[in-house]
Amino acid sequence: MGSLLPGYEHDIFVSYRHHDNKYDGWVTEFVERLQQELNATLKDRLTIYFDKNPESGLSDNHVVDQSIGNKIKSLIFIPVISQTYCDTSSFAWKQEFKVFKDFADNDRFKRTIRLSNGNFTSRILPVKIHDIDVTDLRLLETELAGTLRSIDFIYRDAGVNRPLRPVDDDIQAGTAQARILYRNQINKLAYAIKEIVQGIKDIDRHLPQAVNPSTLSSPEPSKGAFSSSHPSASKVKVLDQSGPSVYLAWTSSDLKEEREEMAITLKKAGFNVLPSTDCPADDESFKEKVREDMARCSCSLHMLGGEFGRRFEFESEVSFPQFQFLEARKMIESGETDFNCFIWMLPEASAGIKPDQRNFINFIRNNITQNMMFSNSMGPMQLVDDMRVVMKKEEEELFDSKDTEIFFIYNQQDEAEAKIITDHLSTEYPVEIMNILPDGEDKYREISTQQIPKSKLAVVYFKYAADWALPFTKQVWKTVGGASSPTPLFLVGEDDPSSNRARNFKAPKVVSSIVPKEEVPAEVKKVYITVKDMS
């Protein structure tokens with residue numbers, strides 16, 4: 001079986017030095033586990049190529065098999081970064097890593113692709129099985145033209161630098177150093193691959209990157225996404241990002257896994273997270289990246305543990321985490337933007353704090369100013385909820401003036417019925433209409449996320465499209481802020497077919513109702529009047 005897309009031999013190519021697999025079969029087991037995880041994560045069946053038989057002519061000191069040139073033509077390239085992988089004279093480096101890099105730079109997708117959430121990522125997805133020398137790290141970053149973003153499978157203990165194995169999950173259970181689990185890293189890798197595959201498929205379908213506002217009020221719903229009872233009033237704008245951007249500061253090495261967990265929690269809460277790469281090795285590159293990404297964000301989050309963190313080469317009294325906090329403080333003091341700074345002291349870090357770190361924490365506590373919040377929340381979800389409460393104030397100010405009275409969303413399957421309802425409503429209220437077509441549903445969801453906060457009431461209607469309406473409403477509700485949404489959502493369906501009666505969604509800021517066809521306009525009016533009276 002070949003690749004998902006024509007012109008490619010495989011979906012994933014795994015590159016490694018053969019001695020990293022020779023003795024314990026680490027790579028072989030890794031590929032097997034990854035294939036199992038991908039099968040459970042994606043509906044598509046992905047193919048993985050790696051050189052199972054080093055005796056077949058593809059070992060480091062043998063003549064290159066001619067077939068390797070075609071096998072390199074894959075969608076995703078996973079180099080297994082070991083202590084010896086960055087050897088510029090090796091086969092893996094010259095004939096695999098370098099060849100794929102050149103291939104990807106020149107094929108139709110390019111090496112860097114845009115994901116559905118607006119972020120960018122590389123089709124080269126490194127897996128690290130050893131902590132590597134700084135010279136090797138700089139070589140990789142030079143080749144990748146950016147900081148290294150890897151998923152680590154490294155067993156870390158005092159004086160130990162070896163690959164993490166599945167059996168270590170059981171051996172380390174309950175021990176103090178059980179911070180990184182093999183099964184979690186495999187899951188993270190599968191999820192990263194899923195994002196890349198979806199991004200490639202989006203590009204392959206030639207989805208538009210922007211919506212022309214002039215098409216949003218097309219008189220024929222089947223030809224455009226929007227229609228409106230007041231065409232000149234359509235004010236929908238598609239933004240590059242669907243939520244506020246947070247600068248998630250790089251941490252000391254002991255908190256790397258906790259930072260990754262926090263990044264996932266923030267993304268699920270609707271935040272865009274920067275930076276999305278591993279911490280640069282070079283001091284000046286680090287400073288430049290911090291300032292560049294922080295300037296793109298509306299807030300920052302700094303996670304504090306017991307370690308002071310890596311220090312600058314020529315400023316040994318300053319750590320990388322400390323520098324990032326000081327830069328955030330400068331952003332607030334400049335007054336140029338309404339920037340917020342959140343500091344989280346992890347609960348488990350209360351004991352065993354190093355002296356320099358304790359001084360840093362005391363400095364932060366003694367210099368809390370406006371737009372700063374120091375938190376001792378018990379977990380990531382509680383902290384993110386606190387952040388959303390603070391950020392909600394800005395959202396309410398941003399959307400204080402509502403552009404639309406009623407934002408009415410329906411699926412094309414229900415177009416005829418929806419038109420009758422919206423015609424009735426538009427005789428009394430301005431109504432913006434979104435007719436969701438089968439293709440490009442993600443783009444419609446993004447547009448909905450932008451328009452809902454600008455409306456007094458968002459209505460999701462369904463008759464025959466119940467299987468679409470309920471998950472669509474749940475996802476949009478989360479994206480616009482959940483219980484903190486500035487706009488209530490009304491999920492309304494007809495009671496015919498009878499299966500619709502089981503379709504309801506109970507959540508804060510959501511009203512859900514199933515009524516007879518003729519009562520739908522009256523139900524919408526009733527909910528709208530209630531919302532208007534409360535505002």
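Derivation of every value follows stated rules applied to the coordinates shown; laboratory data play no part. Please read all numbers here as calculations on a predicted model, not as lab measurements. Here the Cβ positions follow ideal geometry from the backbone for every residue, glycine too, while neighbour counts run over all protein chains shown.
Quick notes on this one:
- Within segment 10-204, all pairs of alpha-carbon atoms sorted by distance into 10 Å bins from zero give the percentages 8, 36, 38, 16, 2.
- Short-range pairs are left out: with C-alpha atoms under 8 Å and at least six residues apart, the relative contact order of segment 319-382 is 41 percent.
- Our summary gives segment 69-153 a relative contact order of 34 percent, counting only alpha carbon pairs under 8 angstrom and 6 or more residues apart.
- Normalised alpha carbon radius of gyration of segment 245-397 [divisor 2.2 N^0.38 Å]: 0.98
- Counting neighbouring Cβ atoms within 10 Å and putting the fewest first, the residues 251, 487 line up as 487, 251.
- Under 19 Å from the Cα of residue 354 - lysines, other chains or at least 8 residues apart: 256
- Between segment 409-423 and segment 241-311, the Cα center-to-center distance that results, in Å: 44 Å
- Remark: 494, 195 ranked as 195, 494, counting other beta-carbon atoms within 10 Å and listing the fewest first.
- Residue-wise HN-Hα couplings along segment 303-320, as the Karplus relation 6.51 cos²θ - 1.76 cosθ + 1.60 with θ = phi - 60° gives them from phi, are 9, 10, x, x, 9, 6, x, 4, 9, 6, 4, 10, 9, 5, 7, 10, 9, 4 Hz; Gly and Pro carry x.
- Global geometry of segment 111-175, whether rounded, prolate or oblate, following the gyration tensor of its Cα atoms and the 1.5 cut on a/c: oblate
- Per DSSP, loop trypsin sites (Lys or Arg not before Pro) in segment 498-527 with at most 12 further Cβ within 10 Å: 506
- Normalised contact order of segment 10-204, rounded percent, pairs of Cα under 8 Å and 6 or more residues apart: 22 percent
- Residues of type lysines that residue 526 reaches as a straight line, Cα spacing below 16 Å, ignoring anything fewer than 8 places off in the same chain: 456, 509, 517
- Alpha carbon convex hull of segment 89-202, volume per residue in cubic angstrom: 135 Å³
- A DSSP coil position with no more than 13 other Cβ atoms inside 10 Å describes the following GluC sites (Glu not before Pro) in segment 237-335: 313, 315, 317.
- Too-long pairs where the Cα-Cα distance tops 26 Å, listed order kept, from 73/194; 201/268; 101/194; 43/474; 188/478: none
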